[in-house]
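Single-structure report; data block below.
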Amino acid sequence: MRKNQNNKRKKSIRKKISLLIISFVFINILTFLPLNIKNMPLLAGYLLTKEDIISNEEFIMKFNYVKDNVKYLYIDSSDSDLHSEVDKVEALLNEGVTEKVKILISDLTNRFNEISSKNQLELEKLFNEANDEKLEGFFEDEIETVNGYKEEFENLYKDKKYSEAKEVLDSLREYIENNKKLANTRKINEVYDEKSEEDPSLREPKYINGILIVNKEYGLPDTYAPGENAEAREAFERMKTDAANEGIYLNAFSTYRSYYTQERLYSNYVYTYGQAPTDTFSARPGFSEHQTGLAFDIGGLDRSLWAQVDFMYTEEAKWLKENCHKYGFILRYPEGKEWKTGYMYESWHFRYIGVEHSVNFANSDLTLEEYLGL
Ligand SMILES: [Zn+2]
């Protein structure tokens, strides 16, 4: 009996201990299960072989290289955003080096290398182009500025800091572009001073491809007095009629001007405004296109806007800009081409060159100088 009772008690104690252990384990599982599931990849890491660990380190190194160097690339809109990709992969990587992450890192590395070599090629091409610029008429200090930019670019490029190199290269190209215009303006004015000092009776009219060119380099003799060109007038009248049918009123308020008329006009302007400002909107005698008989200053209904900057905003000016080439006329001094023509934008000054040439000027800001290769 006693033995039996003892056995019973032992069994009961064992049962209690078992229950305790089971509930302890169970509670633990319940408590830590969510955490463990979350940490499974990390736990799995402890079970990785030595080779796996080396390969994981390799991926982490690869990722870190991309992460550290992505800021040196410039990424245009055609490439999806590599920066946010890096952030995405980094977030995933914090949870372990899974197979998925490895694939993402491989992709990221490939994309990084692809964009890097694309940057390199583009920069090389652009830099070579900038390097080939002749810098004609640049002053010494301007050339020094150019060389400073080039040196800065080359150092950044060597260090593979492409985004910074690109910024310097953009500045270099912009500087060259602007300074070329400045140098060209200086050259035009220099030539103009020389040519306008020459004896006007010795000048010869200059024709290129059958087009009489008059600008700050090519003048006309004082004896050149053809009057208004009949063909140009006829073309203007046709243009005027067609415009009127569209409700646009055009008036050619100034066409042919003789050498002597221009002489009076120019000296009056110089008296009022001074020579340098006058030279941007009025020609010295012998250098006015109006002396050819082929230049037409055209205005609209509002007389107060004739030969005024604000004429450009009128319906008439817009119509002329879009249609004049159909009648043989071109806008002679387009906007933004002051450095090429030597004159400010004149939305009212049109030059007759014949339709066979003028059609090439349609919807462009091409100048006659550029068209004739001057
Ligand atoms: Zn004019």
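Rule-based calculations on the coordinates, nothing more; no lab input. For clarity, every value in this text was computed on a predicted model and none was experimentally measured. Here the Cβ is made from the backbone with ideal geometry for all residues, glycine too, and neighbour counts use every protein chain on show.
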Three-way shape label, the stretch 217-285, alpha-carbon gyration tensor, a/c 1.5:
oblate
In whole angstrom, the spacing between the Cα centers of the stretch 233-249 and the stretch 143-205 equals 42 Å
Run the simple label-point estimate for Asp199 and Asp107 please: 7 Å along Cα→C-beta, distance reported in nm.
8.2 nm
Based only on Cα atoms, what mean projected area does the convex hull of the stretch 135-190 have, in nm²?
3.5 nm²
For the stretch 272-283, 3J(HN,Hα) per residue [Karplus equation, 6.51 cos²θ - 1.76 cosθ + 1.60, θ = phi - 60°, Hz, x = Gly/Pro]:
7, 10, x, 5, 4, x, 4, 5, 8, 9, 9, 8
Tell me, what is the FRET efficiency for Glu144 and Asp68 to the nearest 0.05, using R0 = 35 angstrom and their Cβ-Cβ distance as r?
0.50
Could you line up Thr272, Thr145 from fewest to most neighbouring Cβ atoms inside 10 Å?
Thr272, Thr145
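Can you compute the charge dipole magnitude of the chain about its Cα centre, using +1 on each Lys and Arg Cβ and -1 on each Asp and Glu Cβ, nothing else charged? Give it in debye, rounded to the nearest 20.
It comes to approximately 5040 debye.
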Taking one equal scatterer on every alpha-carbon of the stretch 217-352, how large is log10 of I(q)/I(0) by Debye at q = 0.10, 0.14, 0.16, 0.22 1/Å?
-0.32, -0.63, -0.83, -1.45
So what are the ³J(HN,Hα) numbers for the stretch 306-320, from phi and the Karplus equation (6.51, -1.76, 1.60; θ = phi - 60°), rounded to whole Hz, Gly and Pro as x?
5, 6, 10, 3, 5, 4, 4, 8, 7, 4, 4, 5, 5, 4, 4
Gain upon complete extension [Arg173, Leu366; 0.36 nm per residue less C-alpha separation]
67.3 nm
If I take the Cα coordinates of the chain and project them onto the principal axes, what are the three extents in Å, biggest first?
150, 53, 39
Using only DSSP helix segments of four residues or longer, with each worth -39500 (n - 2.57), what per-residue ellipticity at 222 nm results for the chain after dividing by its residue count and rounding to 500?
-19500 deg cm²/dmol
Is the shape of the stretch 82-123 rounded, prolate or oblate, going by the alpha carbon gyration tensor and its root eigenvalues a ≥ b ≥ c, with a/c under 1.5 for rounded and a/b larger than b/c for prolate?
prolate
With each label point set 7 Å from Cα along the Cα-Cβ vector, what nm distance links Ala307 and Arg264?
1.2 nm
Which FRET efficiency value, to the nearest 0.05, is calculated for Glu90 and Ser55 with the Förster distance at 25 angstrom and r the Cβ-Cβ distance?
0.85
Going by a ≥ b ≥ c, the root eigenvalues of the Cα gyration tensor, does the stretch 295-374 fall in the rounded group (a/c under 1.5), the prolate group (a/b larger than b/c) or the oblate group?
oblate
